Amino acid sequence: AVNASQIGLSWTASSGATSYKIQRSPDGSTGWTQVGTSGTTTFTDSGLIPSTTYFYRVLASNGTGISAPSNVASATTSAGLSYSQSPQGSWVGVYGADGYALLGWNGGDLVSMPKCSLVVDQGSRYVWNNVTGVQALQSPDTSTRQAATIYDANQVRIHLTFSTAYTGTIHLYALDGDGLGRRETITVDDGSGPQTANLTTDFSQGAWVNVPINVTAGRTVTVTVTRTAGLNAVLSGVFLG
């Protein structure tokens, strides 16, 4: 099975094997690195980049040694979600009818999420004080704008836990506030499987990723932002509806 951020592998059992080592390469011949082990004949490789081809091989092992590598197999992740610049930071009246979280606002978070709770699992807060243009998010009363974010050197992680069932769209806003060439993937999982957008172009004027979600009461939606280039991973806002 393949989607925008995962590839599922399966292979034929090797006689005498007690476990298997799975290796991945960017080109099928060099740069092999171990990405996991499995005690069965299946493995799922996660956190991948959309529209990218990966190459794999498997080595069987037991208490006495490791086999030679298997034949090489390849798979390509699907294209993933799209992203767009509009409406930049002007979200009021467009998104957020069911709740909003302005992350890093004034060094904290400005959150109104009546349908769920929001927790930042990994990320620090930052404000680009010299950025006040339309790419900066509006305050809820539209009286001011602020270019704030949560960031991490490798991966920002948040989750939303819904008190009641919810079907709608989660809108995520990312901003490369100082234009340092950040690139990242944004993955949303509502329990039905990850959906990923790959921000491969400049988003110093902002980027919106809009993802349909469907959860029952008590379920959690995870959002993971992974740096692929530049200084760090960033996420400025989360909006429902």
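Table for the structure above
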quantity	calculated
Qualifying residues in region 206-219 (those that are outside any loop (DSSP other than H, G, I, E, B) and out of contact with any Cys (no Cβ under 9 Å at 6 or more places or on another chain)) - the one farthest from Gly191 (Cα to Cα)	Ala207
Residue within region 190-205 that is free of Cβ contacts under 8 Å to residues at least 60 places away in the same chain, part of a strand (DSSP E or B) and more than 21 Å from Gln88 (Cβ to Cβ) present	no
Members of region 26-49 that are assigned to a strand (DSSP E or B), within 22 Å of the chain's Cα centre (by Cα) and either modelled with pLDDT under 95 or more than 13 Å from Leu59 (Cβ to Cβ) (or both)	Thr44, Asp45
Residue match in region 4-18 (condition: in the same structural domain as Thr196 (by the TED database), modelled with pLDDT under 95 and either over 23 Å from Val223 (Cα atoms) or acidic (Asp, Glu) (or both))	no
Answer from Leu103, Leu81, Leu110 - the residue that is at pLDDT below 95, surrounded by 14 or more Cβ atoms within 10 Å (Cβ to Cβ) and in contact with a Ser or Thr (Cβ under 9 Å, 6 or more places away or on another chain)	Leu81
Residue among Arg227, Arg219, Arg182, Arg145 that alone is among the basic types (Lys, Arg) and either closer than 22 Å to Lys115 by Cα or without any contact (Cβ under 8 Å) to a residue 40 or more places away in the chain (or both)	Arg219
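The values are calculated or read from the model by the stated rules, or taken from the named source; none is laboratory data. Just so we're clear, the structure is a prediction, and the values are computed from it rather than from any experiment. Don't worry about glycine lacking a Cβ; one is built from the backbone with ideal geometry, like all the others, and counts go over all protein chains shown.
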